[in-house]
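Here is the structure we will look at, set down as structure tokens.
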Amino acid sequence: MHPRRALSDPAIVGLAVTTALGVHSGSPQLVVGVAIAVAIVLRSDRRVLWLGIALLLGVVGDWRSEAAWASLEPDALGAFQGWVLVVDDPQPYRASTRVIVEVDGERFETWARGRARQLRVMRWRGGEWIHVSGERVALDAERARRVAWQHVVGRFDVEWASDVYAGNAVARASNRVRASIERAAAFVPEPHGALFRGLVIGDDREQPQEMIDRFRASGLSHLTAVSGQNVAFVLAAFGPLLVRLRPWPRWLLTVGVIAWFVVITRFEPSILRAGVMAGLSATAFMTGRERSTVRILAVTVTILLLIDPLLAWSVGFWLSVGATGGVCTVGPWLAQRFAGLGPLALPLGITLGAQLGVVLPSVLVFGRLPLVSIVANVLAVPVAGAVMLYGLPAGIVVGLTADAVPWFGQVVMFPAHVGTRWVDTVAMLGERLEPDPPWVWIGWVVVVIAVLAWLALHTYRDRYRNRRAER
């Protein structure tokens, strides 16, 4: 009897690819063709098994995708009066504020325009119930496709809104934590208080447009989108408690902490990816069957796309997946070959790996890939990570004691102020130094040539040393 052997990492990645194709393409012929091609390339004696699983996942993905798109057809339109559930915190734009609400089990987006209405809506929080009266209206085809990944089926035009109910226990608890972070952020002068909330819990609602623009221009906007780095720092904060527990209680508390943080950060696609990956990693560690990060990422993508196929149309999801894939594959490989650069080897390798992972969605969707992001990330990410690690426990403590001991909040939040100011300064300089097209693309060509030359030199040096050792 041969022992059971798991499919290789490339095979698991191939399953994720066929699942994504089944969900996104809607073309069974394409899925079958790609699956057969990958099965031929795979160096495995289990190709037939792999091909069967791949085709099954592709078919299931296609079926789940069709069902998800069909569910976006609203069951009812027209007048409505009653209670609606606030799905997410209000999101301000230049002249309006957008809120997603659930009406009779279906999601609608509502827009508040005018200062008075915007101020009132901005007080709403995810998980709360609002008593409203208004009109449910269908979306045009272009808008419907753009917001499909959020499961929005129409627009709700609010005529009036009155009572607010705080929601269930989970909603109340998560909103209390977010309120504590908001109170703590008040001790950090604006606009860095808004940046602090973005770094710690992904709340970028009150960041000024100028700050949003400079973070995008410098390639640092990912810092305010909660992801795996935030989850890692949250688990690190609970580390002293976790290491004292036995395996099963440790696993239960780890999964509980991950779920708690996902709820607080409002189930953003990037945090869903990070949360599922962290849960799978904890499970593999607890069972003594630790797996590579690439394998866990592929399994995570497969699971999430089968559960919610509309994530395949979320740019944030693919940016998160691409960056993580680049960081855990190309990043360490480059860092090893940049060893001659000393302390810069790891951050530079990880940064280039992440940039390689997001190059396709960044260029196709946003039409740019900031050249200064290489230096900006090396300078900003370590400090932003320190703010994330320090900010959540410090923010909760300060938020709970701010009214009683105001000076305590100023002292505790001072390191967060210094950190956020540094990160924003890096973004500001990055925006000023970022070259315009075509110089930015010429710059990337130079970077690619320099990296390839370094790798060639590294390979030649290794071969030379090996030959000398053989003599």
Loop trypsin sites (Lys or Arg not before Pro), the stretch 213-308, which have at most 11 other Cβ atoms in a 10 Å radius of their Cβ (DSSP): ARG244, ARG289
Short version: ³J(HN,Hα) in whole Hz for each residue of the stretch 329-337, in order, from phi by Karplus 6.51 cos²θ - 1.76 cosθ + 1.60 (θ = phi - 60°), x for Gly and Pro, what are they? 10, 5, x, x, 4, 5, 4, 5, 7
With only helices counted (DSSP H, runs n ≥ 4, each -39500 (n - 2.57)), the per-residue ellipticity at 222 nm for the chain, to the nearest 500, works out to -21000 deg cm²/dmol
Could you list the GluC sites (Glu not before Pro) in the stretch 206-304 that lie in coil according to DSSP, counting only those with at most 15 other Cβ atoms within 10 Å of their Cβ? GLU290
Note the listed values [x] 69, 55, 47; [y] 76, 53, 48; [z] 84, 57, 55, then indicate which one is Cα extents along the principal axes in Å calculated from this particular structure. [z]
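Read-outs throughout are calculated quantities, based only on the coordinates presented, and are distinct from any laboratory measurement. Just so it is clear, the model here is predicted, and its values are computed rather than measured. Using ideal geometry, Cβ is built from the backbone for each residue, glycine included, and neighbour counts are taken over all protein chains shown.
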